[in-house]
Amino acid sequence: MDGIVSRRSDTPPIFKAVISATYKENLAYRSQMAISIFTQPIYFLVQYFIWQSVFKISDTVSGFTLDQMLLYFAISSLSGFLNWDSAGTELQDLIQTGKFITFQIRPVSHIYYSFFQKVGNRILAFWVEMVPVIFFYILFGIDLIPAKPFWTVISFSISFVLSFLVSYTVGTIAFWLVKTDGVRRSILLFTQIFSGLFLPLNLFPKGFQKILFYLPFQFITYVPTRVYIGSYELAGITMPIPQIVFLQAIMVVIMFLVNRFIWSMGIKRFTGVGS
Amino acid sequence: MMQVISQNTREKMKGLRYSGFGVYIQGIKSSLASRMAYRGDFIMSMFIMMIVELGGPVITLIIYNNGASFPGWGVYEVLLLQGIFLLSRGISFPFFMGIVWNTISRVQEGTFDLLLIKPRSILLMSIASAFDSEDLGKLIGGILVFGIAMKNLPAQPLHNWITFFIFFIFSILLMFAFGLFMAGLGIVWIGNYRIYDIFMTVMEFGMYPKSIFTKSFQTITTYIIPISLLASYPASALLGKPNTNVLLALASAIVFFLAGLWFYFRMVANYTSSGG
Amino acid sequence: MIHVSELKKTFTTYERGGTFREALISLFVRKKKTVNAVKGISFDIEEGELVGFLGPNGAGKSTTIKILTGIMHPTSGEVDIMGYTPWKNRRKYVENIGAVFGQKSQLLWDIPPLDAFNLNQSIYRIPSNEFKKTVSEMVEMLALKDLVKKPTRQLSLGERMKCEFIMAMLHKPRVVFLDEPTIGLDVIAKEKIREFILEQNKKGTTFILTTHDLEDVEHLAKRVIVINHGEIVYDDSMDKLRNYFGEKKTIHLTTRKKIMLPKHEGIAVRSQLSDYDIEVVIDLSQIKLNEFIKKVNEESVISDMSIEGLELEYIIKDLYQV
């Protein structure tokens, strides 16, 4: 950064070191991760039976055919694996146990560290959870070819960052509250519901969809999944794919600024500025 | 201390306070007391538990709202079924399902031994020290869904209620068996909280009418792991819908329960003989 | 190297009721309460010193350490450490310091300490050859051998603490803060870690040690700062601390007859096991040793006796009660 970098070029950059350390750390839990190989197909089978049965009576539900509905559940589950995040929980744990100070005494910014922890963790999850589940979907006969591969990659990458920012921001609450499990779990649950992880958002009542449109959550699962399927619609609003991905990018910037603002207030509280 | 207790006091200690049930009640009391230290968090957690449980019914409502349906089932009939499912979970999770996380975390931390040195059954100790007050939210959710469904359905004759009640006892028994299997697994599979996930996803099959599954799946969910008994059978009984092969289903539930007991104590024996 | 002057820290807390009603009221009306944790302390520490920083729980000790490590902002006062003000420009400042918290680990539970070391190598941008040299030196000094390649969770508490030291000192910090570094360790591990600290201190590293373990202080510190109620109550060398309350001796006596202590100033009973067995502290400025022994022997006939200097424990206890 300031001329020092070239002299010390044999030192691996922090992000590489964090990714590799986290990857190794999580290797110990790969058998736990692998349980998804069992649970996700079962969960998907239940969904399959539900919608199979429902579509016996109607041909489309809220504009989705049976195939599209199943594709939605398949892709949203993959988005769920990709975006799964423990940054918030870990931050809260650090603050509540006081271990956060071991980061304060090191020359590194925690959000940077935490983000690459997620990267390391998800690289492992990719092999252990996602690849086998993708394999299951293919065996099941789901057509997994994305409609617009380029935009799909962009949209999934943005959602990866956004879900991290949401989780990390929620974790910041621990600067103010002693016990935060309840708040965290509430927000996590609402994030999951409102992001469309359990059910496509266009199935919710129309009035509710209008609210969902203006919340950041749809950009975590619903948007990337719809980009994958190739058409976007919510609350009667249809949009070309590039446009919704653009909105998604704006949302990341907003969320980042919100996070930095709350963070700076939290750090002030932690370091006791003005008290 | 124990030696000096006279025969007389020993007799007195046979009272309710010292029975297995008394130990269990004490466990509930102390769990509630410690949870009350953070009331706000407690209430919020309970609320979350309730909301999580409403996921299934909400999907049902949305399906029916979109003009679709499960063949042969009205919306409130499905809600009744799911209400029963949630009631069964709402009773088992706070009152005895805590045995699972309690066992997993204690084996992991090494405090399982503290339960083993108590002069009581390890099963009783594991359950009594694991009352999960937050999960009362699940019970509230169950009562809510069940109540709403009942209000919108015609009143059922008494004999339907009686058969429903019998089936419901089996539903709880089955939950208990699930708990035993998970706790047993928790002893050997150290620190793996995802054991829950395995069973929770399997239970998903129980939240919908048995008839939506293919024949082969129905066989599995009725006779091998009798998940249909969790809600599908009791709901059909209460609604006066025909249930097939009732006795066989009940018998397999009992077998499943006994297998759970056997498995659990087998794993405990494993643990004690290997010294943890 | 370290200059602290008139450092103050005041906390404002809000009283929160225990009952539900009180908690509800506190949402609207909050009772303010100010606590003066640190009341304007000043001291200087030179490069290469090894200072014991002592004080009872709640004395303002950890608040001071938090301010010195840049974790907390003071209410007022000045701190200059190696030209930095710790709470300003934190990132730059902390590159030059290290810290070991006995109860807050920097290691990663599931992977070997060596991997965690690599992480700090990147964070502090330590050149690889220098890093390797430092690690192998320290591993040898602490007799860790291949243990640094075993997952942290499989190590004993002592082994883990040794690794914490390596983790904290990889980047050769000039100042190191130690907070209860030997808590819960066995005698041998304690000794090894003390040796390590002294060795590093000889090489010029400045240490500030907070602990409740007075043996640590006796073995390590040449200078002691005692803080109580937010103020410094003692700041001088270890040797002078021993005689801070005058020259005193602890005498353990066993007698044939019932003990009758002479009525004289400067004799304090510390404990009495029976009528024939007693432990007293005598102040030599008020009563001479031979005089005391003579008097007791005349009255009660001494059968056994031991005389020791006053233990540090009692001096500190007295300081804490000032």
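The values are calculated or read from the model by the stated rules, or taken from the named source; none is laboratory data. Small disclaimer: the values here were computed from a predicted structure and weren't measured. For neighbour counting, all protein chains shown are included, and Cβ atoms are generated from backbone atoms with ideal geometry for every residue, glycine included. Just so you know, the surface numbers come from the protein's heavy atoms only, side chains and all, with ligands and any DNA or RNA stripped out. Shrake-Rupley method; radii C 1.70, N 1.55, O 1.52, S 1.80 Å.
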- Query: What number of residues within region C:61-98 are open to solvent by less than 10 Å² (accessible area, probe 1.4 Å) and either among the charged types (D, E, K, R) or assigned to a loop (DSSP other than H, G, I, E, B) (or both)?
  - Reply: 4
- Item | Test: residue in region B:63-77 that is touching a residue at least 12 places away in the same chain (Cβ under 8 Å), of a type in the set (A, V, I, L, M, F, W, C) and more than 11 Å from every other protein chain (Cβ to nearest Cβ) | yes
- Message: Checking C:Phe101 against (1) open to solvent by 60 Å² or more (accessible area, probe 1.4 Å); (2) within 27 Å of C:Ile208 (Cβ to Cβ); (3) aromatic (Phe, Trp, Tyr), only one condition comes out false. Which one?
- Response: (1)
- Are any residues in region A:10-30 of a type in the set (Asp, Glu) and buried (at least 19 other Cβ atoms within 10 Å of the Cβ), and if so, which ones? A:Glu25
- Query: Considering region C:74-94 alone, what residues qualify as being facing chain A (nearest Cβ under 7 Å) and at pLDDT 90 or above?
  - Reply: C:Val94
- For region A:199-221, which residues satisfy the criterion of being touching a residue at least 60 places away in the same chain (Cβ under 8 Å), under 26 Å from A:Ser157 (Cβ atoms) and not β-branched (Val, Ile, Thr)? A:Pro200, A:Asn202, A:Phe219
- Query: Looking at this structure, is A:Gly98 open to solvent by less than 40 Å² (accessible area, probe 1.4 Å) and either at positive phi or touching a Gly at 6+ places or on another chain (Cβ under 7 Å) (or both)?
  - Reply: yes
- Item | Some residue of region A:157-175 being open to solvent by less than 40 Å² (accessible area, probe 1.4 Å) and within 14 Å of chain B (Cβ to nearest Cβ) | yes
- Item | Selection from region C:222-273 of residues that are farther than 30 Å from C:Lys39 by Cα and polar (S, T, N, Q) | C:Thr250, C:Thr254, C:Thr255, C:Ser271, C:Gln272
- Message: Suppose we keep only residues that are crowded, with 21+ Cβ neighbours inside 10 Å and of a type in the set (Val, Ile, Thr) within region C:176-195. Which one would you say is nearest to C:Asn96 (Cα to Cα)?
- Response: C:Val176
- Item | Residues being facing chain B (nearest Cβ under 7 Å), open to solvent by less than 20 Å² (accessible area, probe 1.4 Å) and within 19 Å of B:Gln82 (Cα to Cα) - total across region A:32-55 | 5
- Query: Do we find that A:Thr22 is within 11 Å of chain C (Cβ to nearest Cβ) and not in a helix (DSSP H, G or I) in this structure?
  - Reply: no
- Message: Checking the conditions here, which among B:Thr272, B:Thr219 is open to solvent by 10 Å² or more (accessible area, probe 1.4 Å) and at pLDDT 85 or above?
- Response: B:Thr219
- Of the residues in region C:126-142 that are surrounded by 20 or more Cβ atoms within 10 Å (Cβ to Cβ) and at the interface with another protein chain (Cβ under 10 Å from one of its Cβ atoms), the one that is farthest from A:His110 (Cα to Cα) is C:Phe131
- Query: Does B:Asp113 meet the test of being part of a helix (DSSP H, G or I), touching a residue at least 40 places away in the same chain (Cβ under 8 Å) and over 24 Å from B:Ile227 (Cβ atoms)?
  - Reply: yes
- Please enumerate the residues belonging to region A:246-275 that are among the aromatic types (Phe, Trp, Tyr) and within 11 Å of chain C (Cβ to nearest Cβ). A:Phe270
- Note on the structure: Looking across region B:186-199 at residues that are more than 8 Å from chain A (Cβ to nearest Cβ) and open to solvent by 60 Å² or more (accessible area, probe 1.4 Å), the single one that is farthest from B:Ala249 (Cα to Cα) is B:Ile190
- Note on the structure: Within region C:196-220, residues outside any helix (DSSP H, G or I) and open to solvent by less than 10 Å² (accessible area, probe 1.4 Å) come out as C:Thr206, C:Phe207, C:Ile208, C:Leu209, C:Thr210, C:Thr211
- All but one of (1) open to solvent by 60 Å² or more (accessible area, probe 1.4 Å); (2) outside any helix (DSSP H, G or I) hold for B:Trp73; which doesn't? (1)
- Query: Does region C:261-270 include one or more residues that are under 30 Å from the mean Cα position of the chain (by Cα) and open to solvent by 70 Å² or more (accessible area, probe 1.4 Å)?
  - Reply: yes
- Item | Subset of region B:130-165 [hydrophobic (A, V, I, L, M, F, W, C), surrounded by 15 or more Cβ atoms within 10 Å (Cβ to Cβ) and over 16 Å from the mean Cα position of the chain (by Cα)] | B:Leu144, B:Val145, B:Phe146, B:Ile148, B:Ala149, B:Met150, B:Leu153, B:Phe164
- Message: Taking the conditions exactly as written (modelled with pLDDT of 80 or more, within 21 Å of the chain's Cα centre (by Cα) and within 14 Å of chain A (Cβ to nearest Cβ)), does B:Phe47 satisfy them or not?
- Response: yes
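Name the helices (runs of 4 or more DSSP H) wholly inside region A:180-275 in which the number of residues that are open to solvent by 40 Å² or more (accessible area, probe 1.4 Å) is 3 or more.
In region A:180-275, the matching helices (runs of 4 or more DSSP H) lie at A:181-195, A:206-214, A:241-271.
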